[in-house]
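The values are calculated or read from the model by the stated rules, or taken from the named source; none is laboratory data. Being a predicted model, the structure only gives us computed values, none of them experimental. Cβ atoms come from the backbone with ideal geometry, glycine included; neighbour counts cover every protein chain shown.
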Amino acid sequence: MTSLLLRISFLCLLVFIGGCGDTGQKSDQAMPNPAHPSFVTRQEWESIRSYIPLDLDMGHQLSGVVPHHLVAADLIADYFQLLSQQQPEVLIIVGPNHENQGAPIITGLYDWQTPQGSVRCEEKIVKALINSDLAVRNEEVLSREHSIGSLVPFVRHFLPETRIVPIIFKHGVSLQEVDSLIKGLRDLTDGEAVLLASVDFSHYLTRSEAEVRDKETLSYMENRDLATLFRLGNDHLDSPASLASAFHWAQAGGGGEFILIHNTNSGILMNSEIMETTSYFVLAFGD
């Protein structure tokens, strides 16, 4: 026993001398930012990034809408490839809180780990959101949310220097709450960031039923009828608050007109007439 204690004491001394035994509190600047995992494995990412890029010049973008369902990975990649022409310094990503847990509007300060490296959080803006009570920090709920986690690998690949502000909306967030958030974000960013809404549209319908719902949703979007969109359920879209954020951000920046890049559903992509589908829109709002 004495011999064992002596050996342990000697090892501790070596660690101390080698400088690895420092347990003192480090400053925030010295501490690495923890990272949430993304929702794409390295193997999945290798197959996703082999897509053929869309040949389209979008000009300057203010906001956009993409799916978070990875059946639509090529559609997501198309949007990010177009946005890569702009390389924004900050990308605000808003999406649904699928678990419907925690506060109505949630954000977080942690970075995100992807197969190609980490995506950094824009800490200054996130801290200001929290301090102004526009959002509540909840890393636990945020870490499980695929409306953010499915998109960060695309951010890292196409926008490697871009920092993100992740925000998720609980079900039932009102249009007035969205308005307050957008006003606060524009003050914090001087309107220079791009806002991306992570939204899946009709759920659990047949291929033909999904196409009917999508025509209705597209009509509401073309008419800027956000009040009606907020009354729709999961058979039309999963996050009216996120979609409204994209419209309001573009309007506040002097835009508001969108280009429809894609509209399809998983039944079409997987060539099935009988499966329960998810439908997708990819929109880009220019100035």
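Ser279 falls short on exactly one of the conditions (1) more than 21 Å from Ala72 (Cα to Cα); (2) surrounded by 22 or more Cβ atoms within 10 Å (Cβ to Cβ); (3) not acidic (Asp, Glu), and that condition is (1).
Per-residue answers, yes or no, for (1) part of a strand (DSSP E or B); (2) out of contact with any Pro (no Cβ under 9 Å at 6 or more places or on another chain):
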site	(1), (2)
Leu62	yes, yes
Ala72	no, yes
Ala77	no, no
Phe80	no, yes
Ile93	yes, no
His98	no, yes
Gly102	no, yes
Ile106	yes, no
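Being modelled with pLDDT of 90 or more, surrounded by fewer than 22 Cβ atoms within 10 Å (Cβ to Cβ) and in contact with a strand residue (DSSP E or B) (Cβ under 6 Å, 6 or more places away or on another chain) is a property that Ala103 has.
Whenever a residue of region 245-256 is surrounded by 21 or more Cβ atoms within 10 Å (Cβ to Cβ), it has no partner that is hydroxyl-bearing (Ser, Thr, Tyr) and in a loop (DSSP other than H, G, I, E, B) lying with C-beta atoms less than 8 angstrom away and at least six residues away or across chains. Of the residues making up region 121-136, those that are of a type in the set (D, E, K, R) and surrounded by fewer than 17 Cβ atoms within 10 Å (Cβ to Cβ) are Glu123, Lys124, Lys127, Asp133.
Gln113 falls short on exactly one of the conditions (1) more than 27 Å from Ile259 (Cβ to Cβ); (2) in contact with a His (Cβ under 8 Å, 6 or more places away or on another chain); (3) buried (at least 23 other Cβ atoms within 10 Å of the Cβ), and that condition is (3).
Looking only at region 165-217, count how many residues are among the hydrophobic types (A, V, I, L, M, F, W, C) and at positive phi. Residues meeting the conditions: 0. So, Arg213, is that one of a type in the set (D, E, K, R), closer than 25 Å to Glu140 by Cα, at pLDDT 95 or above and not in a loop (DSSP other than H, G, I, E, B) or not? Answer is no for this residue. Of everything in region 184-207 that is assigned to a helix (DSSP H, G or I) and touching a residue at least 12 places away in the same chain (Cβ under 8 Å), the residue that is farthest from the chain's Cα centre (by Cα) is Arg207.
A count restricted to region 190-206 and to residues that are more than 30 Å from Gly267 (Cα to Cα) and at pLDDT 95 or above stands at 2.
Just so you know, in region 125-139 the residues that are in a helix (DSSP H, G or I) and without any contact (Cβ under 8 Å) to a residue 24 or more places away in the chain include one that is nearest to Gly102 (Cα to Cα), and it is Ile130. Taking region 223-287 as the region of interest, the helices (runs of 4 or more DSSP H) fully inside it that hold 2 or more residues being farther than 14 Å from Val178 by Cβ and not polar (S, T, N, Q) are 266-269.
Being modelled with pLDDT under 95, over 19 Å from Val282 (Cβ atoms) and of a type in the set (Val, Ile, Thr) is the requirement here; does Thr228 meet it? I'd like the intermediate steps shown before the answer.
Values: modelled with pLDDT under 95: no; over 19 Å from Val282 (Cβ atoms): yes; of a type in the set (Val, Ile, Thr): yes.
The answer is no for Thr228.
Restricting the first member to region 147-164 and to residues that are within 14 Å of Glu44 (Cα to Cα), and the second to residues that are part of a helix (DSSP H, G or I) and among the hydrophobic types (A, V, I, L, M, F, W, C), the beta-carbon pairs closer than 6 Å and six or more apart or on different chains are Ser150/Leu70; Pro153/Trp45; Phe154/Ile76; Phe154/Phe80.
May I ask you to verify whether Gly64 is in contact with a helix residue (DSSP H, G or I) (Cβ under 9 Å, 6 or more places away or on another chain) and either of a type in the set (S, T, N, Q) or at pLDDT 70 or above (or both)? Please lay out each step first, then the result.
Details: in contact with a helix residue (DSSP H, G or I) (Cβ under 9 Å, 6 or more places away or on another chain): yes; either of a type in the set (S, T, N, Q) or at pLDDT 70 or above (or both): yes.
Yes: the conditions hold for Gly64.
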